[in-house]
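Please read the structure below before turning to the comments.
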């Protein structure tokens, strides 16, 4: 950032390498379990045109969930930026979370479209859930456009933090309220007015395990991407 | 347990291979980053305050 006014305290010590490695391999095992569970343990869903296609749910829903977690993470980092510190780490952490959130948003949309083609006959149906995820993508793509449009580092950090803070209200509305206001083609056990996931217990186990694994994967990716950005920023300063 | 002979087994194997590849790549990236951070001096500057 331009003219840093003061050096802040040193960064908190990271986890020891052995622990990091252990956690990474644990996550790998976890995801492997989810894959085997999704294809070989969970029963095919009933009431579908193609029962086998329902297995995409174990990857589609966690991807959509993680995009929401990412946007929430961006909002929290932005809140921290505005309320205390105003550090480069907080600013870049929010931006990184939005970027990863968009990646998972695209993955959720693509997997959803493939499933939509099989079950509903078309890749796109303007279902409320499909529409709301597109609105979320546009909202957060605008965040990145805003960041790229402002040259001054401080102004960019302040403006984008304020925008991402607004996302703390917009994202929950788009993900949880809008899709439930009108009729949805999405399966009732997953999207219903009660907000509960009602499905066979093995399917639910795999789905929740998938969401947990994807969430851990997101935070790992976020950590790596943020550290890369911080290193790049420091290289730019040194150059 | 569903029948694994009708392509489902292959689907699992391909998925496992793809995910393993992603993990190995991320582990390698983590190691490279750690080395670069050490070389650059343990996270210095990451907490620099943005001047108001």
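Per residue of peptide A:224-231, the mean number of Cβ atoms on other chains within 10 Å of the residue Cβ is 5.
Which residue fluctuates the most in chain A, going by a Gaussian network model with Cα springs under 10 Å, if the choices are A:56, A:31, A:181? The residue that fluctuates most here is A:181.
Placing one equal scatterer on every Cα of segment A:55-144 and applying the Debye formula, the log10 ratio I(q)/I(0) at q = 0.16, 0.21 Å⁻¹ is -0.65, -0.93. By the count of neighbouring beta-carbon atoms within 10 Å, fewest first, A:105, A:32 end up ordered A:32, A:105.
Only DSSP H runs of four or more residues enter the estimate; each adds -39500 (n - 2.57), and after division by the residues of chain A the mean residue ellipticity at 222 nm equals -24000 deg cm²/dmol. Compactness of segment A:51-238 is given as radius of gyration and Dmax, 17.8, 57 Å, from Cα positions. Given a Förster radius of 30 Å and the C-beta distance between residue A:204 and residue A:15 as r, what FRET efficiency does 1/(1 + (r/R0)^6) yield to the nearest 0.05? It comes out at approximately 0.45. Stretching the chain fully between residue A:141 and residue A:237 yields a gain of 31.9 nm (0.36 nm per residue, less the alpha carbon separation).
Mean sequence separation of contacting Cα pairs (under 8 Å, at least six apart), scaled by the length of chain A, corresponds to a relative contact order of 28 percent.
For chain A, modelled as a Gaussian network with Cα springs under 10 Å, which listed residue fluctuates most, A:92, A:168, A:29? Per the Cα network of chain A with a 10 Å cutoff, A:29 tops the list. In this rough spin-label picture, where each label sits 7 Å from Cα along the Cβ direction, the residue B:22-residue A:79 distance is 2.8 nm. The convex hull built on the alpha-carbon positions of segment A:30-87 has an orientation-averaged projected area of 5.8 nm².
Label sites at residue B:13 and residue A:56, each approximated as a point 7 angstrom past Cα along Cα to Cβ, lie 2.4 nm apart.
Other protein chain C-beta atoms within 10 Å of residue C-beta, averaged over A:16-29: 2.
Take each residue in A:96-108, count the other chain C-beta atoms within 10 Å of its C-beta, and the mean is 0.
Every number in this text was worked out from the coordinates using simple rules, so none of it is lab data. Keep in mind it's a predicted model, so treat the numbers as computed, not measured. Note that each Cβ is placed from the backbone with ideal geometry, even for glycine, and that neighbours are counted across all protein chains shown.
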